[in-house]
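Below is one structure, written out as structure tokens; the observations come after it.
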Amino acid sequence: MQKTIRLPFPAADPFILCAADGRYYLYCTSEDGSGFPIYTSEDLQFWERCGTALGKETSRWGVGCFWAPECYEIDGIYYLFYSADWKVNPTGALENFRIGVARASTPSGPFTDISDHPIFDPGYPIIDANVFAEDGRYYLYYSRCCYEHKVDGLEESWIYGVELAPDFSGVKGEPVLLLRPEQEWEGRSAAATGRRWNEGSYLMRHEGRYYMTYSGNFFAGPDYAVGYATSAHPLGPYAKAEENPILERSRHVTGTGHSCMFRTTDGTLMICYHGRTRATGRDRIAFITPAHFTPDGKLIVETE
């Protein structure tokens, strides 16, 4: 059985693309939120920096807080979905995050925004874009930020889904609420922060069902963890797994969250996520761990 791979450099909110050139590309959030480093590897073990996908110096609409990039290869073009602080802020909101998309002809960029504004404006701050494609249709998943979203005395972050226009210039229809904090483990950091989170979603399909992984709790705290929910349709309704969380803190790693799933060139299912160790301190580094589905459809992370 493959073992967990620990990457030797900071890589928050990691996303791994297995590109057409046979190489793996990792896109992540820099610790200062100024841009998106790109790393590449042939074997997931040895990585080299190959550029910066996008950042405050090159974005046409974002001015800071460049977070959670995800890159997809579609018809030979590479599309980078990401969240950032929108320069249009007439009310002076402290959290003014939106989601945009940039494109490039190679996975290492350079990436250029397809527009001078975000994909859409739902009227509240959003982060953590994830895109799922099926039968020629595209779906965007995102997290509504906790900011000014109070529920029963606590601010909450919820996960929504909405269909994208085929050219990614906007959305079709209204966003649908898919996940909100409900399980006991998702409130472990609520007393200290005044907030509850469901964020960092990632969608994949397995044997006719849709599996959405997501993160709960404070991203900078030790209890950040990963659960999943399932549905018969990309836009829900979703039912959370009773065995959640499927990935959480251990003796050596804390703050395990913001995951993505991918298959290696030999077809092995893997989950990539960030976490902290005593040696790395506040820096988040990426881990790559095998995962599998049981015969009865449960998603298992093969932690050591």
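The values are calculated or read from the model by the stated rules, or taken from the named source; none is laboratory data. Predicted, not measured: the structure shown is a model, and the values here were computed from it. In this analysis, Cβ positions are derived from the backbone assuming ideal geometry, glycine residues included, and neighbour counts consider all displayed protein chains. For the accessible areas, the whole protein counts, side chains as well, though only heavy atoms, and no ligand, DNA or RNA atoms are used. Shrake-Rupley method; radii C 1.70, N 1.55, O 1.52, S 1.80 Å.
Before moving on, here are some points about what is shown:
- Only lysine pairs 8 or more places apart, or on different chains, with alpha-carbon atoms under 29 angstrom apart are counted in the chain, and they number 10.
- Packing, as the average of other Cβ atoms within 10 Å across residues, places the peptides 58-64, 87-93 in the order 58-64, 87-93, highest first.
- R0 of 41 Å, Cβ-Cβ distance D116-E243: FRET efficiency to nearest 0.05: 0.35
- Rolling a 1.4 Å probe over the protein heavy atoms of segment 1-92, with every protein chain left in place, gives an accessible area that is 50 percent carbon and sulfur.
- Solvent-accessible area per residue for segment 1-133 (1.4 angstrom probe, square angstrom): 42
- Rounded percent of accessible protein surface that carbon and sulfur make up, segment 143-231, 1.4 Å probe: 46
- Orientation-averaged projection of segment 105-236 equals 9.9 nm² [convex hull of Cα atoms, one quarter of hull surface area].
- Nonlocal amide H pairs with A129, under 5 Å, H built at 1.01 Å: S83
- Kirkwood hydrodynamic radius of segment 41-84, Cα pairs, Å: 12.4
- Sequentially through segment 190-195, phi angles give Karplus couplings (6.51, -1.76, 1.60; θ = phi - 60°) of 5, 4, 7, 10, x, 9 Hz, Gly and Pro residues having no value and appearing as x.
- If you wrap segment 238-303 in the convex hull of its Cα atoms and look at it from every side, the mean projected area works out to 5.6 nm².
- Quotient of C-alpha Rg and 2.2 N^0.38 Å, computed over segment 39-129: 1.16
- Plainly put, segment 149-304 has a radius of gyration that is 0.97 times its Kirkwood radius, both from alpha-carbon atoms, as the Rg/Rh ratio.
- Overall, the ratio between the Cα radius of gyration of segment 178-246 and 2.2 N^0.38 Å, rounded to two decimals, is 1.11.
- Relative contact order %, the chain, counting alpha carbon pairs below 8 Å whose residues are six or more apart: 14
- Dipole of segment 198-243, positive end: most advanced residue of L235, F218, Y202 [Cβ charges, Cα centre]: L235
- Each Cα pair under 8 Å and six or more residues apart adds its separation to the average, and for segment 1-77 the resulting relative contact order is 28 percent.
- Distance histogram for segment 98-182 (every C-alpha pair counted, 10 angstrom bins, percent rounded to whole numbers): 16, 45, 28, 10, 1
- Per residue, the convex hull volume that the Cα atoms of the chain enclose (Å³): 133
- Dipole in debye (nearest 20) - segment 134-191, about Cα centre, beta carbon charges: Lys, Arg +1; Asp, Glu -1: 100
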